[in-house]
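Read the structure below first, then the notes.
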Amino acid sequence: MATVFFQDDGLRVQVEEGICLTDVCDAHPTSLLFGCRDGACGTCLVEVVEGSTNLSAVTDIERDMLDVMAEGNPYARLACQCLVKGDVQLRALR
C-alpha cells in the first residue's frame with residue numbers, strides 16, 4: 001500500500017501500488033481536474049511536493065506537454081500519466 005496526499009484538499013488516501021492517479025481521483029473527492037486523460041491537455045498538471053521517485057517515469061508524451069506547460073518546474077507531472085509506486089504528496093499547478 002502507498003499513501004497519496006493531496007495537499008490542496010488535505011486528503012490522505014491509501015492506494016494499491018500501480019494505480020493511476022486518475023483512478024485515485026475518480027474514487028475520492030479531490031479538487032484535481034482532468035480533461036483528456038491522455039496527456040494532451042495539461043489540465044491535471046501537478047507539482048510533486050514529496051515522493052517524486054515514487055511515481056512512474058515520465059513518458060515521451062508527458063515530457064512534450066511538460067516542456068510547454070510546466071515552465072521549467074522539475075517537479076511538475078501530469079497526474080493522468082502517473083502510476084503510484086509509493087508514498088507521494090501533490091499539489092495542483094492549475
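The values are calculated or read from the model by the stated rules, or taken from the named source; none is laboratory data. Note that the structure is predicted; figures quoted are calculated from it, not measured. Because the Cβ atoms are built from the backbone with ideal geometry, glycine has one as well, and the counts that use them run over all protein chains shown.
Select from region 7-29 the residues that are under 16 Å from residue 54 (Cα atoms) and of a type in the set (A, V, I, L, M) and write down the one among them that is surrounded by the most Cβ atoms within 10 Å (Cβ to Cβ).
If we take residues in region 7-29 being under 16 Å from residue 54 (Cα atoms) and of a type in the set (A, V, I, L, M), then 21 is surrounded by the most Cβ atoms within 10 Å (Cβ to Cβ).
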Practice problem: Name the strands (runs of 3 or more DSSP E) wholly inside the chain in which the number of residues that are of a type in the set (Lys, Arg) is 1 or more. | Solution: 11-15, 76-78, 88-92
Exercise. Considering only region 1-21, state which residues are under 14 Å from residue 85 (Cα atoms) and of a type in the set (S, T, N, Q).
Key: 3, 14
Self-check item: Residues (in contact (Cβ under 8 Å) with a residue 24 or more places away in the chain and loosely packed, with under 15 Cβ neighbours inside 10 Å) located in region 67-82
Solution: 68, 73, 75
Self-check item: Failed item in (1) in contact (Cβ under 8 Å) with a residue 60 or more places away in the chain; (2) on the phi > 0 side of the Ramachandran plot, with residue 3 passing the rest
Solution: (2)
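Any residue that is among the small types (Gly, Ala, Ser) and either in contact with a Cys (Cβ under 9 Å, 6 or more places away or on another chain) or modelled with pLDDT under 95 (or both) - is there at least one of those in region 7-26?
There is no residue in region 7-26 that is among the small types (Gly, Ala, Ser) and either in contact with a Cys (Cβ under 9 Å, 6 or more places away or on another chain) or modelled with pLDDT under 95 (or both).
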